[in-house]
Amino acid sequence: MAAYVRDDGRRAGELRAVKITPDFVRTADGSCLVEVGGTRVICTASFIQGVPKWREGSGLGWVTAEYGMLPASTHSRKERRAGRPDGRGVEIQRIIGRVLRSVVKFGRLGENTIYLDCDVLEADGGTRAAAITGAHVALARAIRRCEADGRCAGGAITGGVAAVSVGMVDGHLLLDLDYAEDCRAQVDMNVAMKSNGKFVEIQSTAEGRPFGQSDLQLMLRLARRGIRTLLAVQRKAVDRRSRR
């Protein structure tokens with residue numbers, strides 16, 4: 001695996017360059033711009049009083065997410081779907097919400113909702129993974145701000161969570177697929193893992209050929225290694241001093 005060199009010069013088990021800029025949207029309670037290679041996603045977190053009706057009276061808060069791609073985020077213009085999210089977008093925003101809820105203590109939020117909005121500026125593969133990684137930064141910084149001004153109790157975040165893609169491309173096991181690699185992958189997997197090493201979400205599809213248990217274990221091992229690097233970058237962004 002070490003001898004294989006990809007089109008962009010990376011080794012098979014190497015992440016693309018990762019950069020997270022916190023407080024990218026200063027009007028949001030928490031925000032960041034996450035850049036993973038050519039993929040760029042703005043993530044914001046908004047702390048809103050109240051919860052969905054089915055949650056009222058429980059004393060518990062809620063976290064939900066929305067995801068979208070701007071029209072020029074891909075090579076051909078993506079149509080705006082005002083009020084009509086596409087099936088892929090709905091699937092991804094549900095995943096983002098589900099993954100981020102795994103690191104929140106809802107009783108500490110009180111009956112308040114945090115909305116996570118992930119908007120893709122440029123898409124070059126791995127947008128859902130980048131959105132999850134960035135959304136945690138936005139969420140953690142929003143909660144920290146709300147804890148400081150008394151809008152919620154302390155200790156609402158239990159740890160970090162980040163995500164990455166892995167796959168089998170041309171017979172090679174690769175970490176963090178870009179768009180060109182994803183298009184020709186025989187196996188495509190997205191993995192989300194918490195900072196305690198426990199997996200939250202594993203999605204895998206055999207695009208070209210079925211894969212065995214040994215392949216699965218190798219992909220999870222590679223994903224775990226990549227996510228640990230992402231968590232370190234994420235931690236620095238969460239802890240960076242606010243520009244406000």
Of the numbered conditions (1) in contact (Cβ under 8 Å) with a residue 40 or more places away in the chain; (2) exposed (fewer than 13 other Cβ atoms within 10 Å of the Cβ), Asp23 satisfies every one except a single condition; which is it?
(2)
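Here's the yes/no breakdown for (1) assigned to a strand (DSSP E or B); (2) not basic (Lys, Arg):
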position	(1), (2)
Val120	yes, yes
Gly125	no, yes
Ile132	no, yes
Arg141	no, no
Arg145	no, no
Gly155	no, yes
Ala163	yes, yes
Leu173	yes, yes
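Check Val166, Val191, Val238 and return the single one that is within 21 Å of Arg16 (Cβ to Cβ), of a type outside the set (D, E, K, R) and in contact with a Phe, Trp or Tyr (Cβ under 7 Å, 6 or more places away or on another chain). Explain how you work it out, then say what you get.
Values: Val166 fails: in contact with a Phe, Trp or Tyr (Cβ under 7 Å, 6 or more places away or on another chain); Val238 fails: in contact with a Phe, Trp or Tyr (Cβ under 7 Å, 6 or more places away or on another chain).
One residue alone meets the criteria, Val191.
Taking segment 176-191, which residues are in contact with a Lys or Arg (Cβ under 9 Å, 6 or more places away or on another chain) and assigned to a strand (DSSP E or B)? I'd like the intermediate steps shown before the answer.
Filtering segment 176-191 for residues in contact with a Lys or Arg (Cβ under 9 Å, 6 or more places away or on another chain) gives 176, 178, 181, 186-187, 190-191.
Answer for segment 176-191, where residues must be in contact with a Lys or Arg (Cβ under 9 Å, 6 or more places away or on another chain) and assigned to a strand (DSSP E or B): Gln186, Val187, Asn190, Val191.
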Name, by its number, the condition in (1) surrounded by fewer than 17 Cβ atoms within 10 Å (Cβ to Cβ); (2) out of contact with any Gly (no Cβ under 9 Å at 6 or more places or on another chain); (3) closer than 24 Å to Ile48 by Cβ that does not hold for Ala153.
(2)
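For segment 131-145, how many residues meet the condition of being surrounded by 22 or more Cβ atoms within 10 Å (Cβ to Cβ) and either of a type in the set (D, E, K, R) or at pLDDT below 95 (or both)? Let's see the steps before the verdict.
Restricting attention to segment 131-145, the residues satisfying the condition of being surrounded by 22 or more Cβ atoms within 10 Å (Cβ to Cβ) are 131-143.
If we keep only those that are either of a type in the set (D, E, K, R) or at pLDDT below 95 (or both) too, we end up with 141.
Final tally of qualifying residues: 1.
Can you pull out the residues in segment 33-68 that are in a helix (DSSP H, G or I) and touching a residue at least 40 places away in the same chain (Cβ under 8 Å)?
First, pick out the residues of segment 33-68 that are in a helix (DSSP H, G or I): 53-55.
Arg55, the sole residue that qualifies.
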Checked against (1) surrounded by fewer than 22 Cβ atoms within 10 Å (Cβ to Cβ); (2) part of a helix (DSSP H, G or I); (3) within 17 Å of the chain's Cα centre (by Cα), Gly159 satisfies every condition except (2)
Number of the exception - Gln203 against (1) surrounded by fewer than 22 Cβ atoms within 10 Å (Cβ to Cβ); (2) part of a helix (DSSP H, G or I); (3) touching an Asp or Glu at 6+ places or on another chain (Cβ under 9 Å)
(2)
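One line per residue, one yes/no per condition, for (1) without any contact (Cβ under 8 Å) to a residue 40 or more places away in the chain; (2) in contact with an Asp or Glu (Cβ under 7 Å, 6 or more places away or on another chain); (3) within 25 Å of Gly37 (Cα to Cα); (4) not aliphatic (A, V, I, L, M):
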position	(1), (2), (3), (4)
Gly150	yes, no, no, yes
Gly155	no, no, no, yes
His172	no, no, yes, yes
Asp188	yes, yes, yes, yes
Ala192	no, yes, yes, no
Glu207	yes, yes, yes, yes
Leu218	no, no, yes, no
Arg224	yes, no, yes, yes
For segment 86-118, which residues satisfy the criterion of being basic (Lys, Arg) and assigned to a helix (DSSP H, G or I)?
Arg88, Arg94, Arg98, Arg101, Arg108
Answer yes or no: is there a residue in segment 90-101 that is more than 30 Å from Ser58 (Cα to Cα), of a type outside the set (Phe, Trp, Tyr) and either surrounded by fewer than 20 Cβ atoms within 10 Å (Cβ to Cβ) or at pLDDT 95 or above (or both).
no
Among the numbered conditions (1) over 14 Å from the mean Cα position of the chain (by Cα); (2) closer than 22 Å to Val137 by Cα; (3) of a type outside the set (S, T, N, Q), tell me where Glu201 comes up short.
(1)
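The values are calculated or read from the model by the stated rules, or taken from the named source; none is laboratory data. Computed from a prediction, not measured in an experiment: that's the story for all the values here. Because the Cβ atoms are built from the backbone with ideal geometry, glycine has one as well, and the counts that use them run over all protein chains shown.
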